[in-house]
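Only one structure is covered here, and it is reproduced in the block below.
The values are calculated or read from the model by the stated rules, or taken from the named source; none is laboratory data. On a predicted model such as this, the values are computed, not experimentally measured, just so you know. Cβ placement follows ideal geometry from the backbone for every residue including glycine, while neighbour counts extend to all protein chains displayed. All accessible areas refer to the heavy atoms of the entire protein, side chains included, with ligands and DNA or RNA removed. Shrake-Rupley method; radii C 1.70, N 1.55, O 1.52, S 1.80 Å.
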Amino acid sequence: MKASLGRIGAMMTRYMYLYQVSPIRILELVYWPTFNMLIWGFMQEYLRSATHPAVFAASYLIAAVLLWDVLFRSQLGLTLGFVEEMWARNLGHLAVSPLRPLEFVGALIATSLIRTLVAVGGAGFLATLFFGFNALELGFGLALFFLNLVIMGWGVGLAVCAILLRYGLAAEALAWGALFVLQPLCGVFYPVSVLPDWLEPVARALPATHVFEGMRTVVQDGRLDIDLLAQAFLLNIPYALAGLAAFLGAYAVARRRGLLMGTGE
Amino acid sequence: MTAAPAAVEARDLSKEFDGRTVVDRITFAVPRGTTFGLLGANGAGKTTTILMLLGLLRPDRGEAQVLGHDMERDRFRALQRANFSSPYVSLPHRLTARQNLTVYGRLYGVSEVRRRIEDIARELRIEDLLDRPVGKMSAGQKTRVGIGKVLLNDPEVLFLDEPTASLSPESAAWLRSFLGAYRDRTRATIVLASHNMPEVEAMCDSVAFLQQGRLLEQGAPRDLIRRHGKQTLEEVFLEVAEGDTGRQQGPGDLA
């Protein structure tokens with residue numbers, strides 16, 4: 001166990017070194033979350049003043065942007081760590097080191113968590129500074145929303161890594177774009193009830209949908225709907241396991257086909 | 001009296017890619033504390049064989065054992081005590097040599113990594129390269145840093161793919177003598193793939209000739225030279241390879 005944690009720590013050090021040798025990368029972490037927050041925050045201010053004040057009295061657009069970033073950054077943070085190894089043609093070296101695939105996943109997850117906290121933390125600070133929205137006021141619900149979203153982000157991220165293992169960097173665009181396919185379905189900025197009837201069950205099959213519905217309940221009514229969070233948790237279990245299985249399966253196939261050594265730019 | 005167990009063993013190893021056989025039922029054993037060379041032209045199956053021995057590539061048939069561990073079922077215990085270097089697989093370019101060696105030192109569970117890196121840098125004469133990004137090094141410098149990575153965990157088995165391919169003649173000669181001294185000092189086993197016949201002749205206790213994935217002949221370089229009545233290992237290889245090509249094509253094809 002100690003050795004295993006040591007290897008996970010070694011890989012986390014490897015990713016932190018990247019920020020040490022290229023500090024400009026920190027900008028990449030906070031750039032989009034910052035602009036997203038400012039654009040949607042001002043949009044909310046405008047809507048609050050220009051339309052029916054009651055509808056936009058609550059800061060749910062800002063909360064939605066923050067939580068979406070949790071989901072997106074957790075997936076991106078994990079996938080980028082993996083893509084980094086492909087760019088560096090380092091997968092071969094790692095695969096012949098004592099690093100187990102599950103430890104590799106552990107390091108990607110831990111690094112993703114740090115990246116997500118930095119990126120979303122910065123955006124959250126701006127939300128408080130410019131728009132008077134304090135995410136911490138969501139209380140215990142915030143921790144549960146956060147946990148559910150990062151688990152879903154990691155599940156999707158591992159599935160994307162599996163595709164990258166299979167198809168190489170030709171599929172690199174998925175690292176940035178995969179989650180946006182789900183964004184219209186998750187009800188990030190609107191209730192799921194506005195979707196066509198036939199699409200609603202699809203939306204409700206996504207863990208994030210229940211988180212965003214739950215977030216609106218907290219922001220608008222001040223009530224934490226435990227049922228919604230429980231559904232998100234229950235859905236997250238198969239999603240996370242499927243992501244992990246896809247990754248481990250793709251890794252085994254890559255070993256059989258000799259893809260680990262040649263993967264790179 | 002029973003013979004000491006081999007450090008590295010390949011039994012009937014085979015691999016196909018897209019229906020093409022690249023390694024065909026290869027069997028050999030490398031005793032502990034010796035240097036073994038896989039010889040052959042480009043595409044002969046040397047690297048594929050090494051990758052199967054390392055567990056990086058799964059064989060279609062046969063089995064590989066390193067330090068008594070089956071590389072399909074138990075490879076991580078062997079990998080902890082082995083290491084690998086190839087000039088074709090560089091370390092991450094953006095990190096400095098010291099950062100790369102720190103990461104790999106910790107992956108291998110090396111205690112006092114910082115001191116170990118300093119010691120290796122002194123031994124390999126790469127002190128001045130330690131704080132330079134790997135991407136800003138020449139091919140030869142990268143190779144030397146790669147050898148540094150190989151030595152981090154005091155490996156009992158070193159797998160080296162073309163270890164001197166990108167080195168100047170002086171650096172290559174120095175590395176050969178360094179590896180020989182390391183083996184003598186630590187009783188480590190070295191498995192290397194190369195198409196540099198003089199190098200293999202100078203370094204290896206035993207060699208195996210590969211051609212189109214098949215093992216044509218194996219033995220100690222001196223024995224092979226004597227058996228074929230030749231002056232150098234290269235002449236032996238050419239004779240063996242031509243003979244095999246003749247057998248493959250058959251008399252009708254040669255006509």
request  = Within the range B:87-104, work out how many residues are under 13 Å from A:LEU94 (Cα atoms), facing another protein chain (nearest Cβ under 8 Å) and surrounded by 23 or more Cβ atoms within 10 Å (Cβ to Cβ).
outcome  = 4
key: Considering residues of the range B:40-86 that are more than 7 Å from chain A (Cβ to nearest Cβ), within 25 Å of B:PRO5 (Cβ to Cβ) and among the polar types (S, T, N, Q) only, the residue surrounded by the fewest Cβ atoms within 10 Å (Cβ to Cβ)   = B:GLN65
task = Filter the range A:108-125 down to residues that are buried (at least 18 other Cβ atoms within 10 Å of the Cβ) and touching a Leu at 6+ places or on another chain (Cβ under 7 Å) and give me whichever is farthest from A:LEU78 (Cα to Cα).
result = A:GLY124
note = Counting only residues that are in contact with a Leu (Cβ under 8 Å, 6 or more places away or on another chain) and either open to solvent by less than 50 Å² (accessible area, probe 1.4 Å) or among the hydrophobic types (A, V, I, L, M, F, W, C) (or both), the range B:186-235 contains a total of 21
request  = Kindly establish whether B:GLU16 is at positive phi and not hydroxyl-bearing (Ser, Thr, Tyr).
outcome  = no
inquiry  = Contact list please: Cβ distance under 8 Å, first residue in the range A:1-24 and more than 7 Å from chain B (Cβ to nearest Cβ), second residue among the acidic types (Asp, Glu) and surrounded by 14 or more Cβ atoms within 10 Å (Cβ to Cβ), pairs at least six apart or on different chains.
reply    = A:SER4/A:GLU103; A:ILE8/A:GLU103; A:MET11/A:GLU103; A:TYR15/A:GLU84
key: Test: A:ARG89 is open to solvent by 10 Å² or more (accessible area, probe 1.4 Å), at pLDDT below 95 and at positive phi   = yes
task = Output the helices (runs of 4 or more DSSP H) that fall wholly within the range A:172-265 and possess 1 or more residues being open to solvent by less than 60 Å² (accessible area, probe 1.4 Å) and polar (S, T, N, Q), or say none.
result = A:183-186, A:207-221, A:226-257
